[in-house]
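Heads up, the thing below is written out as structure tokens.
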Amino acid sequence: MTNDLIRRSDFDGIALLTLANPPVNALGLAVRQRLTALTAELEADESVRAVVLTAEGRVFVGGADIAEFDRPPEAPHLPDVIAAIEASRKPWIAALNGAALGGGAELALGCHYRIFADTARLGLPETSLGLIPGAGGTQRLPRRIGLAPAIEVITAGRTLSAAEAREAGLADRIAAGELIPEALAFARTLDGALPRPASAAPLADPGHAFWDEARARIARAARGNPAPTAALEAIRAGVAEGFAAGLRAERETFLRLRASDEAAALRHLFFAERAALRPAALRGIEPVPLTRAGVIGGGTMGSGIAAALAAAGLEVRLTETGPEALAAGLERVEAIFEAQVKRGLTDRAGATERMARVTGTVGLGALADCDLVIEAVFEDLAVKRRVFEELVRLCGPEAILATNTSYLDPERIVEGLPHPHRFIALHFFSPAQVMKLLEIVPLAATAPRILATGVALAARLGKIPVQAGNGEGFIGNRILKRYRAEAEALLLAGATPTEIDEAMRAFGLGMGPFEMQDMAGLDIAFRAREAARALGQDLPEGPGDRLVRAGRLGRKSGGGWYDYAPGSRLPQPSPEAAALIAPLVTPGARPSGTEIADRLIAAMAEEGQRICDEGLAQSPSDIDLVEVHGYGFPRHKGGPMFHAARKTRSRTSGA
Ligand code: COA
């Protein structure tokens, strides 16, 4: 029933409006209609002196209804709804019971006063969806908290805690006890008083230099997402030409971006990420509660996993084979927390607490009472197998035993071991404390509850879980292999490593395929190819093989696909590498920059489709999540599957 979307109750001249549109009280069409009608009704009702606007549930308002953005906008539009509230003769008090995001923040900004529950927060995350605030946020926020802080909040999509909002002058108060009684009491004390509306506050123009510097800085951080600089321009329009003109500029930009490919891509990821955290097949299955986790191996991967687990509040046992390796592993974990303090991700006390949750031990004995053990030892079947043989002797039958293998077959690691329902592969990406992707690979005998625990663990770690079937390279590394092969094919068609890397950076990746290989080292893949050759596989000698045979292993040997000056990470075109590759190059038309990117992304999408067809990924959007969260695919392109589908659609509709 539409009427239930906003409930009205009256308390001695104060009308209390409660939004009730689960799950996040999004401001969809029906809510906007109801709010418009209520605003007029309350304005005309002489018994009402003030209005308190709050919401049911944990969230105040999670924003506009993102699902509506694929359709044309329908009146009443949110800016008009908010303008009517701001123009009311009676004070409106937003009582924020939880997050006020996007349109929710704009609604709160249009109210005359704001009271925050101490857990409430306010933010404008639109740029992360390829949009800018579209209902006055770029105009009202700077007028309430000042230009520089507002630019930061809006362009970075930052959210302010209740305390920060108070500090910034945005919260008239933070409820000390129960929010609603305090908001009603506050409304009574006002006695109808209205503050100067945000729209009437003047803003001084700080001048060209300020805007130029801000634009350059914001564009750099945006990595190809056009929204942050567009938001800055809308703010600037309001400063230069006044509130009304600013609102018009904001709306125009909002509507243009709403229809853009980038915004569609970011919406696609928004819904894909949420779907990944709640797989339909696992609905109703309770995960195993986790308190204590063991990590075997204190190398880069193991220490990163240990740090991620400890940061999420788990008690961690990190084990190594000897005291020196253990000390080095613990040092790595400590260095990770140290770096987190430097980057403002935690404070000193937080880092100390995290480290206190990590205990180091030599040997596996201390893992006997762990709920979960993640093995991150050397990528060798016999070594991993020995670890699991010992684990099944030590741990109870309910302990979840996971391997972090990248390329080995997890079934072979645990073959024949007892209680196979609790084995699983949890494939982290390096650096594990940073990268958001977690590939979760159930084995044939893995129980659904164990799989559900993997998904819940990812959520707890702030990661994105993607279920992958047990095929070589799972999802991500299989696509990487294909991508690299296609990059080499382009090389043999006459493109240079520099041209290929530049094309991929222009597309939005942080790094091209050849600079990435130089960083990681060419020798690992070379050894894998040699091993395959030794087993009789017919692998023709490729350019990578020629480089390695000439001693060019990448940055660590002073050069690979590129040359590097001593101590420098700057790739320089290498005449020696070019000479080694030249005999393999087919003469003919050389691919251009856009052809290069098109071919590489198409190869990824094709491989992704194959993986879906083979049943090794659950959906194309899972492929996109893998590439975006594990391999640096630009978010605003949505992932290779989304990008390819969009391209096909625009080609057919444009034909
Ligand atoms: N429009 C439409 N649906 C939304 C939505 C929005 N603005 N915000 C959240 N949802 C949906 C989610 O897709 C999810 O749906 P599902 O249950 O079918 O998967 C559901 O609401 C719950 O969202 P979720 O993010 O899982 O809940 P949460 O409690 O962890 O977080 C928020 C709540 C509001 C903090 C979070 O949803 C959020 O950040 N939303 C987007 C805010 C935003 O960007 N607003 C600007 C819009 S222009």
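The values are calculated or read from the model by the stated rules, or taken from the named source; none is laboratory data. Not measured: the values here are computed from a predicted model. Cβ sites come from the backbone with ideal geometry, for glycine too, and all protein chains shown count toward neighbours.
Here are some notes:
- Helices (runs of 4 or more DSSP H) contained entirely in the stretch 465-547, each with at least 2 residues that are in contact (Cβ under 8 Å) with a residue 12 or more places away in the chain and crowded, with 19+ Cβ neighbours inside 10 Å: 476-492, 497-507, 513-520
- Taken over the stretch 319-354, the criterion of being hydrophobic (A, V, I, L, M, F, W, C) and over 25 Å from the mean Cα position of the chain (by Cα) is satisfied by 325, 326, 327, 328, 330, 349.
- Of the candidates 342, 384, the single residue that is of a type in the set (D, E, K, R), more than 19 Å from residue 463 (Cα to Cα) and surrounded by 21 or more Cβ atoms within 10 Å (Cβ to Cβ) is 384.
- Residue 248 away from the ligand (no atom under 16 Å from the Cβ), assigned to a helix (DSSP H, G or I) and surrounded by fewer than 19 Cβ atoms within 10 Å (Cβ to Cβ): yes
- Qualifying residue in the stretch 50-59 (condition: away from the ligand (no atom under 12 Å from the Cβ) and in a helix (DSSP H, G or I)): no
- Verdict on residue 106 being crowded, with 23+ Cβ neighbours inside 10 Å, within 15 Å of the ligand (Cβ to nearest atom) and farther than 21 Å from residue 20 by Cβ: no
- The one condition from (1) crowded, with 21+ Cβ neighbours inside 10 Å; (2) outside any helix (DSSP H, G or I); (3) within 16 Å of the ligand (Cβ to nearest atom); (4) not acidic (Asp, Glu) that residue 95 does not meet is (3).
- Residues located in the stretch 271-287, provided they are buried (at least 16 other Cβ atoms within 10 Å of the Cβ) and either under 25 Å from the mean Cα position of the chain (by Cα) or within 16 Å of the ligand (Cβ to nearest atom) (or both): 272, 273, 276, 279, 282, 287
- Within the stretch 133-146, not a single residue is hydroxyl-bearing (Ser, Thr, Tyr) and modelled with pLDDT under 95.
- Any chance residue 37 is in a helix (DSSP H, G or I), modelled with pLDDT of 95 or more, over 17 Å from residue 106 (Cβ atoms) and within 16 Å of the ligand (Cβ to nearest atom): no
- Pairs where the first residue, in the stretch 151-172, is at positive phi and the second is of a type in the set (D, E, K, R), C-beta under 9 Å, 6+ apart: 157/126; 169/144
Yes/no per residue for (1) under 26 Å from the mean Cα position of the chain (by Cα); (2) within 10 Å of the ligand (Cβ to nearest atom); (3) among the basic types (Lys, Arg):
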position: 120; (1), (2), (3): yes, no, no
position: 127; (1), (2), (3): yes, yes, no
position: 134; (1), (2), (3): yes, yes, no
position: 141; (1), (2), (3): yes, no, no
position: 146; (1), (2), (3): no, no, no
position: 172; (1), (2), (3): no, no, no
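- Listed by first and then second residue, the pairs linking a residue in the stretch 321-332 that is at pLDDT 95 or above to a residue that is in a helix (DSSP H, G or I) and surrounded by fewer than 18 Cβ atoms within 10 Å (Cβ to Cβ), with Cβ atoms under 8 Å apart and 6 or more places separating them unless they lie on different chains, are 332/300.
- All positions within the stretch 148-196 that are buried (at least 18 other Cβ atoms within 10 Å of the Cβ), more than 29 Å from residue 225 (Cβ to Cβ) and touching a Gly at 6+ places or on another chain (Cβ under 9 Å): 187
- Segments classed as helices (runs of 4 or more DSSP H), wholly inside the stretch 145-217, with at least 3 members that are under 22 Å from residue 133 (Cα atoms): 147-156, 162-168
- Residues of the stretch 444-457 classified as buried (at least 20 other Cβ atoms within 10 Å of the Cβ) and either modelled with pLDDT under 95 or over 13 Å from residue 289 (Cα atoms) (or both), total: 1
- Test: residue in the stretch 411-422 that is of a type in the set (Gly, Ala, Ser) and surrounded by 14 or more Cβ atoms within 10 Å (Cβ to Cβ): no
- Test result for residue 79, within 16 Å of the ligand (Cβ to nearest atom), part of a loop (DSSP other than H, G, I, E, B) and either over 30 Å from residue 252 (Cβ atoms) or under 31 Å from the mean Cα position of the chain (by Cα) (or both): no
- Test result for residue 259, more than 16 Å from the ligand (Cβ to nearest atom), within 23 Å of the chain's Cα centre (by Cα) and without any contact (Cβ under 8 Å) to a residue 60 or more places away in the chain: no
- Test for residue 85: is it in a strand (DSSP E or B), modelled with pLDDT of 95 or more and more than 15 Å from the ligand (Cβ to nearest atom): no
- The single condition among (1) buried (at least 20 other Cβ atoms within 10 Å of the Cβ); (2) free of Cβ contacts under 8 Å to residues at least 40 places away in the same chain that residue 126 does not satisfy is (2).
- Condition met for residue 376 (modelled with pLDDT of 95 or more and closer than 30 Å to residue 413 by Cα): yes
Rundown of residues vs (1) at pLDDT below 95; (2) touching a Ser or Thr at 6+ places or on another chain (Cβ under 8 Å), yes/no style:
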position	(1), (2)
464	no, no
469	no, no
475	no, no
480	no, no
487	no, no
494	yes, yes
500	no, no
503	no, yes
